[in-house]
Amino acid sequence: MTTTNAPRPFRFGINLTAASTRQAWLDKCRRAEALGYDLIVVPDHLGVLSPFPALVAAATVTDRPHLATYVLNSAFHNPVLLARDVLTTQLVTGGRLELGLGAGHAKDEFETAGIPWTSPGARVRRLADTVTELRRILSDPGLIGWSRTVEPPPLIIGGHGDKVLRLAAEHADVVAFAGGTAASGSLADGRTMAEKVSFFEAAAADRAASIERNILVQIVLVARDRQRAIDTLRRRAPHLAEAHDLTDLPTVLLGPPEDIAATLVARRERYGISSICMHEPAMSAFAPVIELLSGQ
């Protein structure tokens, strides 16, 4: 595994999904910016806010954070119509969009949407076709009658399997390591993550250093006593404690802010991962870590 001599500065993102009112959503986005988050990201699942309108609303009350789909289920979107949505969102957010794409993993959502559930290989092929068509249209928006000049957004490709990582190695500006297998709910340990990173680097070859690496942290427990945080997680998730060293899970962060900051620096050295996203419940508690790593 290789990392650059000058590591990428950290970027921190918060995964926001829901709000009871318009004002609650806008307040949440303002809060994310005030706490120092660099990215506001919205997933593509049924039962939560739709990514593009939610991100457009976020742009109206924030100035600094980039706004990412994290990640779109390619099977849910016609590539031509998606290109129109991407161009529009990039325009009205002032160029702050980052476009995240994935193959989709929730079978029940496919069924609810009336979209055929296919094999993993078929879903990745659909993702690859979507990436190819989007690249073609975004590089020449006139193909769909779009006459405005819009800079294509950075492309995030997210997933865990080798086929998705190979696709990211070829096309992505950002690779988002899932850090686990959605189907089983398991989390990758340090060895598995190192293998995935090495596979990606080999596939990316000369492109590897130019691609930002991202991960979605699944569990954040900020506490002054690190051992107490570990013990708390053992009680809450005994299946993880039985199978893993909790401190070695790349999608788990435990302890006081100073320890978490040191852990992230060490993991950046090990995996080259500098873009860190987390779920909304950790938004406030994680803010001191952002302050400690600001500019690093």
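Throughout, read-outs are computed from the coordinates displayed, never taken from laboratory work. Bear in mind the structure is a predicted one, so any value in this text is a computation, not a measurement. Note that each Cβ is placed from the backbone with ideal geometry, even for glycine, and that neighbours are counted across all protein chains shown.
Restricting the range 79-158 to trypsin sites (Lys or Arg not before Pro) that sit in a DSSP loop and have at most 15 other Cβ atoms within 10 Å of their own Cβ leaves Arg148.
Would you work out the relative contact order for the chain, in percent, from Cα pairs under 8 angstrom that are 6 or more residues apart? Once normalised by length, the contact order is 21 percent. From the alpha carbon centroid of the range 264-296 to that of the range 228-252 is 19 Å. Amide H contacts for Ala223 (H built 1.01 Å from N in the peptide plane; partners 5 or more residues away or on another chain; cut-off under 5 Å): Gly255.
Under a point-charge model restricted to the Cβ atoms of Lys and Arg (+1) and Asp and Glu (-1), what is the dipole moment magnitude of the chain relative to its Cα centre, in debye to the nearest 20?
Working: 31 positive and 32 negative charges, 32 e Å.
Using Cβ point charges on Lys, Arg, Asp and Glu, the chain gives about 160 debye.
Principal-axis analysis of the Cα atoms of the chain puts helix 51-61 at an angle of about 80° to the longest axis. In the chain, the DSSP-assigned H stretches of four residues or longer account for a calculated mean residue ellipticity at 222 nm of -14000 deg cm²/dmol, using -39500 (n - 2.57) per stretch and the full residue count as denominator.
Of all DSSP bridge pairs formed entirely within the chain, close to 5 percent run antiparallel. If you bin all the Cα-Cα distances of the range 234-284 at 10 Å, starting from zero, the percentages per bin are 21, 51, 29, 0.
Relative to the longest principal axis of the Cα atoms of the chain, the long axis of helix 257-271 makes an angle of roughly 60 degrees. Applying 1/(1 + (r/R0)^6) with r as the Cβ-Cβ distance of Lys163 and Ala209 and R0 = 25 angstrom yields a FRET efficiency of 0.65. Residues of the range 275-296 with amide nitrogen under 20 Å from the 7 Å Cα-to-Cβ point of Arg228? Within reach of a label on Arg228, which here means backbone N under 20 Å from a point 7 Å along Cα→Cβ, the range 275-296 contributes 282-289.
Ranked by the mean number of other Cβ atoms within 10 Å of their residues, highest first, the peptides 25-32, 57-64 fall in the order 25-32, 57-64. Taking a sphere under 15 Å around the Cβ of Glu33 and counting the other residues whose Cβ falls inside, with K and R at +1 and D and E at -1, yields a net charge of +1. R0 = 45 Å: FRET efficiency of Glu269 with Thr132, Cβ-based, nearest 0.05? The calculated FRET efficiency here is 0.85. Each residue of the range 109-117 is assigned a 3J(HN,Hα), and the resulting list reads 6, 4, 5, 5, 7, x, 10, x, 7 Hz, derived from the Karplus form 6.51 cos²θ - 1.76 cosθ + 1.60 (θ = phi - 60°), x at Gly and Pro.
Taking label positions 7 Å along the Cα-Cβ direction at both Leu26 and Lys107, the computed distance is 4.3 nm, reported to one decimal. Calculated on the alpha-carbon coordinates, the convex hull of the range 91-215 measures out at 134 cubic angstrom per residue. Taking the longest Cα principal axis of the chain as reference, the axis of helix 190-204 is set at about 30 degrees. Build a GNM of the chain with springs between Cα atoms under 10 Å apart, and of Ile230, Ile144, Ile156 the one that fluctuates most is Ile144.
Backbone phi angles across the range 8-23, fed through the Karplus curve with coefficients 6.51, -1.76 and 1.60 (θ = phi - 60°), yield HN-Hα couplings of 5, x, 5, 10, 10, x, 10, 8, 9, 10, 8, 7, 7, 9, 4, 5 Hz in residue order; Gly and Pro are listed as x.
Anisotropy class assigned to the range 191-295 is oblate, per the alpha carbon gyration tensor with a/c at or over the 1.5 cut-off and a/b no larger than b/c. Largest first, the three principal axis extents of the alpha carbons in the chain are 59, 44, 42 Å in whole numbers.
Taking the square roots of five times each eigenvalue of the Cα gyration tensor of the range 21-96, the equivalent ellipsoid has semi-axes of 21, 14, 10 Å, listed largest first. Going Cα to Cα from Lys163, which lysines come in below 26 Å? Please leave out same-chain ones fewer than 8 positions away. Output for Lys163: Lys107, Lys196.
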